[in-house]
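Reading through the structure tokens given below for one structure.
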Amino acid sequence: MAPPISGNVVVRPALEQRLADENAKYGAQRPLSSARASRNSKGGFSSGVPMHWMRDWPQPFPMIIEAARGNRLRDIDGNEIVDFCLGDTGAMFGHAPAPVMQAMRRQETRGLTYMLPSDDAERVGELLQEHFGLPCWQMAVTASDANRFALRAARTATGRKRILVFDGCYHGTAEDTLVDLVDGKTVARRSLLGQVQDPSLTTVMIPFNDRAALIAELSKNDIACVIAEPVMTNCGMILPEEGFWEFLRAETRKVGTLLLLDETHTISTGPGGYGRAHGIEADLFVLGKPVAGGLPAAVWGMSQTVNDKLFAARPDSEHGHSGIGTTLAGNALQLACMRATLEELMTPENYARMLAGAEALETGIKALITEHTLPWHTARVGARLEIVFSPKPVTDAAGARAAADATLESFLHVALLNRGFLLTPFHNMMLVSPDTTEADIVAFLAAFGEVLNLLPLEAKR
Ligand SMILES: Cc1ncc(COP(=O)(O)O)c(C=O)c1O
């Protein structure tokens, strides 16, 4: 008697053919974007895109966006798309949200940037304190910069050079975090262009959830700070194991190592981020992307102790040359948009809608995964959801990499896009905004079911 069927596996050459079919359909739906892509194809690094990553999406060429509103995008070929990528979090509260657009219009008569505090500065400080708990705040233009500045603050406050990061992390282009873990050794990230200093000289990388590796590094008593996402979201989605954060916080405190929580993505949890919701007390905090509703802005917060140590460390001369801050950081337009976002978008009501939507999405996706007997699961942090190609949750980046499947990911991405739904590229990640409706979720699940029906599957015994 044949052994029982344990699940379905995707048959390879057939999957590649399905992907080629979907890529062809994508091209046929987009003659104008396609013509631009061919015209610009000899542009080398730039190739007609304002940012080189825009060519790395899974579809054959970038679609060019004409307009975006709420959770909808329209490309120049007139395709209407339900957006579950939302600018990879920058537009988490919807594209062109009304309170932020009003704030922008108000600045028409007030100016954009003065290199002096605007009237909104004090209120934004209060709002940040209310949302995230920390008392002292500074601004940046991007989360990458906020991380850079917060790391400088951590080193100044502790007088230590080394930092600790987790394998699979992404904290933007903050140079100190751009390392890889290869055979247990931290090395400079191999894909970096133009890197001179070797970040691995002062950064150590260990696997997430690895308590023994954490203790081994902390016990050297020379780590200024651990910088981490509370849930890793840039190498698939990796959740902390039960008790990991309590353990990390207790052990870092014992040896005087600070904790910098980068909540740029995990702000999907709720209005105070994952740390607030789960009682993780950070010494430093970073949030970028959606904090001003999509306008370039980021914030970094610190404890009173870190703030006081920074102040004490400033030399009497050359105050401005701290390596912290840029001319446009904290400009009046940013502050106005941040105030609108914190007061009117990052509200419990909006989060309740986003979380209910994400839950419905997860329930529907799980049911379809079960129906097709696929060895996959979903991971979720609030309004952010990931489809992971492994039967069980992954606990570290090695597990996440083993579960990754570039062809399958491209197929899902392009096939769903051809049916009017956009996922975040480089993952199977989705975000639910306050504008995402029940009807959008029902329509997505119908399309997802249709796409799964196209998968060439073979029963595995
Ligand atoms: C956790 C995290 N931190 C920081 C950043 C950097 O953000 P930005 O590219 O806006 O500087 C990213 C970008 O994806 C991120 O995922």
Given the structure, is Ser200 closer than 30 Å to Ala404 by Cβ, away from the ligand (no atom under 13 Å from the Cβ) and among the hydroxyl-bearing types (Ser, Thr, Tyr)? yes
Within region 135-151, count every residue that is within 16 Å of the ligand (Cβ to nearest atom) and either open to solvent by 30 Å² or more (accessible area, probe 1.4 Å) or acidic (Asp, Glu) (or both). 6
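Looking at Thr373, Thr436 in this structure, which one is among the hydroxyl-bearing types (Ser, Thr, Tyr) and over 15 Å from Val82 (Cβ atoms)?
None of the other options fit; the residue is Thr373.
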Within region 293-309, restricting attention to residues that are open to solvent by less than 50 Å² (accessible area, probe 1.4 Å) and of a type outside the set (Gly, Ala, Ser), which residue is farthest from the ligand (Cβ to nearest atom)? Asn307
(1) part of a loop (DSSP other than H, G, I, E, B); (2) within 23 Å of the chain's Cα centre (by Cα): which one isn't true of Pro391, the others all being true? (2)
Within region 337-388, track down each residue that is of a type in the set (Phe, Trp, Tyr), within 19 Å of the chain's Cα centre (by Cα) and not in a helix (DSSP H, G or I). none
Check on Val432, modelled with pLDDT of 95 or more and more than 17 Å from Asp88 (Cα to Cα): no
How many of the residues in region 364-390 are farther than 24 Å from Val165 by Cβ and touching a Phe, Trp or Tyr at 6+ places or on another chain (Cβ under 7 Å)? 6
Here is a check on your reading of the model: is Thr156 more than 23 Å from the chain's Cα centre (by Cα), hydroxyl-bearing (Ser, Thr, Tyr) and either farther than 15 Å from Val291 by Cα or buried (at least 23 other Cβ atoms within 10 Å of the Cβ) (or both)? yes
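Could you tell me which of the residues Ile280, Ile223 is away from the ligand (no atom under 14 Å from the Cβ), farther than 30 Å from Val432 by Cα and open to solvent by less than 30 Å² (accessible area, probe 1.4 Å)?
On the way: Ile280 fails: farther than 30 Å from Val432 by Cα.
So the residue among Ile280, Ile223 that is away from the ligand (no atom under 14 Å from the Cβ), farther than 30 Å from Val432 by Cα and open to solvent by less than 30 Å² (accessible area, probe 1.4 Å) is Ile223.
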Among the helices (runs of 4 or more DSSP H) confined wholly to region 1-109, which include 1 or more residues that are open to solvent by 80 Å² or more (accessible area, probe 1.4 Å) and assigned by TED's automatic domain parsing to the domain that holds Glu438? 12-28, 31-39
Sort through Asp167, Asp180 and tell me the only one that's among the charged types (D, E, K, R) and surrounded by fewer than 22 Cβ atoms within 10 Å (Cβ to Cβ). Asp180
Restricting attention to region 394-424, which residues are in contact with a Pro (Cβ under 6 Å, 6 or more places away or on another chain) and either among the polar types (S, T, N, Q) or assigned to a loop (DSSP other than H, G, I, E, B) (or both)? Asp396, Ser410
What's the total number of residues in region 283-292 that are more than 16 Å from the ligand (Cβ to nearest atom) and under 13 Å from Thr264 (Cβ atoms)? 0
Take the residues in region 152-188 that are among the hydrophobic types (A, V, I, L, M, F, W, C), in a loop (DSSP other than H, G, I, E, B) and in contact with a Lys or Arg (Cβ under 9 Å, 6 or more places away or on another chain), then tell me which one is nearest to the ligand (Cβ to nearest atom). Ala174
Of the residues in region 232-277, those that are polar (S, T, N, Q) and either open to solvent by less than 20 Å² (accessible area, probe 1.4 Å) or over 22 Å from Ala213 (Cβ atoms) (or both) come to Thr233, Thr252, Thr257, Thr264, Thr266, Ser268, Thr269
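The values are calculated or read from the model by the stated rules, or taken from the named source; none is laboratory data. Bear in mind the structure is a predicted one, so any value in this text is a computation, not a measurement. Methodologically, a virtual Cβ is constructed for each residue, glycine included, from the backbone with ideal geometry; neighbour enumeration extends over all protein chains shown. Keep in mind that these areas ignore ligands, DNA and RNA; they rest on the heavy atoms of the full protein, side chains included. Shrake-Rupley method; radii C 1.70, N 1.55, O 1.52, S 1.80 Å.
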